[in-house]
Amino acid sequence: MTRIRFHQNLDELKEKLLVMAGMAEQAIQRAIEAYRTADVSLCDLVAQSEPAINRMEREIDQRALDLLAMEQPMAIDLRFILAVIKINADLERVGDQAVNISERVRDLQAGAPVELPVDIPRLADMAAKMVRNALQAFIDGDPAAAERVLTMDDEVDEMNRSVYRTLTRCLEDRPEAAQQALNVLLIARNLERVGDHATNIAEDVIFWVRGADVRHHVAAQN
Amino acid sequence: MGAAIEVNNLNAWYGSNHILHNIGISIPANQATALIGPSGCGKSTFVRCLNRMHETNPIARVSGSVRLGGIDLYSDMEPVAVRRRIGMVFQRPNPFPTMSIFENVASGLRLSGGLRRRQMEEICERSLRRAALWDEVKDIWKKRSGASLSGGQQQRLCIARALAIDPEVLLMDEPASALDPISTSKIEDLIFELKADYTIVIVTHNMQQAARVAEMTGFFLNGYLVEFDATTKIFTNPADKRTEDYITGRFG
């Protein structure tokens, strides 16, 4: 075993990313919980966590950049650092989606309560599960688990389309509920984006471990 | 123009030590091929088999075939003829210290004989230009000794000497490992230029160098060629775990 210090640095980079992952996951969980329980104080916590997530994103990028410059990594180590840089960006975007959702929850709570025939908690659970599973695949370096995350994305997309169809009908039929329907529509879209970020993370895990590019169904085309 | 090298079932021994085991490799023409691997893995022995230098040691032995442009170097060609077609540059620059720069480059030509001094000068100038040394020595090349040059210049002088006999292949055994970074990048730039006219095989311990200069890379370990593939593949996603462990520093 050689390059011990370098491999310790890679382990530390992974730990940092897992801290970042924890922060992003907590933000999205809190935003979902705020929707579910109508607890606006959780929205404040999400907003407060954003600067810390952004700081962590810059710190991780800087560490990864330093390792690329100083250690000139090869093969699986090179792929790992590239994966970390990309996953880092996706996690920061998950944090942004959490902020977007919590802002919509504030608007919802400010308005008159209306019943809308859509199951946002189910969509939220699925999107959050995708993030959790993608991160677990990263922790375990498990491309098979990452592949299972990819298949979940279709389900999330379908749920989002269903919400869209239902709520656009609401907008036409119940003008008095338009404001609230629009907020819920945006939340559904934010959750769908969270699923997309989880998909990206899973693809990066596959690239890191197998060296295979599975983005945009490249594997299927070849 | 460079020529392709086809190696099949090549084995090499020093006495009873079996150094190379069943090496098979197709080295493409007019490209740089890098050979990497830990010390003692057989990569230097391998390149010495390519121009029949291995057998100059009395206890050394070779079996298998090495074909250059379809001709077997071991059964169809004399060693001297082989070395005219396959030049070599070593780790430490080794100009002849008592000869001028010109005489150093001309030394290989003198062995073949039959050239007038004027022709020899033309060939030497062309070789020094190809080795990117001409501009630095054009005013001193007939007066100053080869040993008066810097290490990087001496190595380019040795490259000019190898090029003077107009080979098809240039073997380079750690050509930049004794040089500073500026001289190293000059050698690497030169390799890039030379590919147009020659097939280059470079042994290097510097993996970044292999990644920078070579289209193809072979990884040797314990006398076996473990993996041979496009350089980008070897350094981003090698097929063999042993290659990956070596290039990521997990052993060696």
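What follows is calculated from the coordinates using simple rules that are stated; it is not laboratory data. This structure is a prediction, so every number in the text was calculated from the model and none was measured. A quick note on method: Cβ atoms are made from the backbone with ideal geometry, for glycine too, and the neighbour counts reach across all protein chains shown.
Peptide B:228-235 has a mean shielding of 1, counted as Cβ atoms of other protein chains within 10 Å of each residue's Cβ. Evaluated at q = 0.08 Å⁻¹, a Debye calculation over the C-alpha positions of chain B (equal weights, vacuum) places log10 I(q)/I(0) at -0.31.
Using the Cα centre of chain A as the reference point, and only Cβ charges (+1 on K/R, -1 on D/E), how large is the resulting charge dipole? Debye, rounded to the nearest 20. Write out the running numbers ahead of the final one.
Working: 26 positive and 38 negative charges, 35 e Å.
Approximately 160 debye in magnitude.
Applying a DSSP loop filter and a limit of 14 other Cβ atoms within 10 Å to the trypsin sites (Lys or Arg not before Pro) in the range B:100-170 leaves B:Arg116, B:Lys138, B:Lys142, B:Lys143, B:Arg144. Each Cα pair under 8 Å and six or more residues apart adds its separation to the average, and for chain A the resulting relative contact order is 25 percent. In this label model, B:Arg126 and A:Arg161 are separated by 6.9 nm, measuring between points 7 Å along each Cα→Cβ vector. By the rule of a C-alpha distance below 13 Å, with chain neighbours fewer than 8 residues away ignored, the aspartates and glutamates paired with B:Lys43 are B:Asp173, B:Glu174, B:Glu227.
What is chain B's relative contact order, in percent, from Cα pairs under 8 angstrom and six or more apart in sequence? Please list the in-between numbers first.
Working: 503 pairs, mean separation 71.3, N = 252.
That works out to 28 percent.
Annotation: amide H of B:Thr199 within the under-5 Å range of B:Gly2, B:Ala3, B:Asn30, B:Val169, B:Leu170, sequence separation 5 or more or interchain, hydrogens built in the peptide plane. Answer with one residue from B:Val7, B:Leu50, B:Asn206: the one whose Cα lies farthest towards the positive end of the charge dipole of chain B, charges on Cβ with Lys, Arg +1 and Asp, Glu -1. Positive-most Cα among the choices belongs to B:Leu50.
Computed from the C-alpha gyration tensor, the three semi-axes of the ellipsoid equivalent to the range A:84-139 are 28, 15, 6 Å, from longest to shortest. On the principal axes of its alpha-carbon atoms, the range B:123-197 has extents of 30, 28, 17 Å, going from largest to smallest.
Taking one quarter of the surface of the convex hull spanned by the alpha-carbon atoms of the range B:1-125 gives a direction-averaged projected area of 9.4 nm². A simple rule links phi to the HN-Hα coupling: the Karplus curve 6.51 cos²θ - 1.76 cosθ + 1.60 with θ = phi - 60°, which for the range B:143-149 gives 9, 8, 6, x, 6, 7, 7 Hz, with x for Gly and Pro.
Under 18 Å from a label point set 7 Å out along the Cα-to-Cβ vector of A:Arg148, the amide N atoms of the range A:117-136 belong to A:125-136. What number does the range A:4-221 give for Rg over Rh if you use C-alpha atoms and the Kirkwood radius? Ratio of gyration radius to Kirkwood radius: 1.04. The alpha carbon gyration tensor of the range A:62-161 gives principal lengths a ≥ b ≥ c with a/c of 1.5 or higher and a/b no greater than b/c, which makes the shape oblate. For the pair the range B:112-135 and the range A:140-199, the centres of their Cα atoms are 73 angstrom apart.
Taking max minus min of the alpha-carbon positions on each principal axis, the protein assembly as shown gives extents of 103, 48, 41 Å, largest first. Electrostatic bookkeeping for A:Arg193 treats Lys and Arg as +1 and Asp and Glu as -1; over the other residues with beta carbon under 12 Å from its beta carbon, the sum is -4. Where the centre of each part is set by its Cα atoms, how far does the range B:31-104 sit from the range A:20-81, in angstrom? Cα centres, the range B:31-104 to the range A:20-81: 55 Å. In order along the range B:71-82, the phi-based Karplus estimate (6.51 cos²θ - 1.76 cosθ + 1.60, θ = phi - 60°) of 3J(HN,Hα) comes to 9, 6, 5, 8, 9, 10, 8, 7, x, 5, 5, 4 Hz; Gly and Pro are listed as x. Listed by chain and number, the aspartates and glutamates whose alpha-carbon sits under 12 Å from that of B:Lys142, ignoring those within fewer than 8 places in the same chain, are B:Glu103, B:Glu121, B:Glu125. Net charge dipole, chain B: roughly 680 debye, given to the nearest 20, about the Cα centre with Cβ charges of +1 for Lys and Arg and -1 for Asp and Glu. Across the range B:103-116, rounded Karplus estimates of 3J(HN,Hα) from the backbone phi angles (6.51 cos²θ - 1.76 cosθ + 1.60, θ = phi - 60°) give 5, 4, 5, 7, 4, x, 5, 4, 4, 6, x, x, 10, 6 Hz, Gly and Pro being marked x.
How much length, in nm to one decimal, is gained on full extension between B:Ser185 and B:Ser112, taken as 0.36 nm per residue of separation minus their Cα-Cα distance? Can you show the working numbers first?
Values: separation 73, 0.36 × 73 = 26.28 nm, distance 3.27 nm.
That pair, B:Ser185 and B:Ser112, stretches by 23.0 nm at full extension.
Once the convex hull of all Cα atoms in the range B:118-252 is built, its volume per residue stands at 120 Å³.
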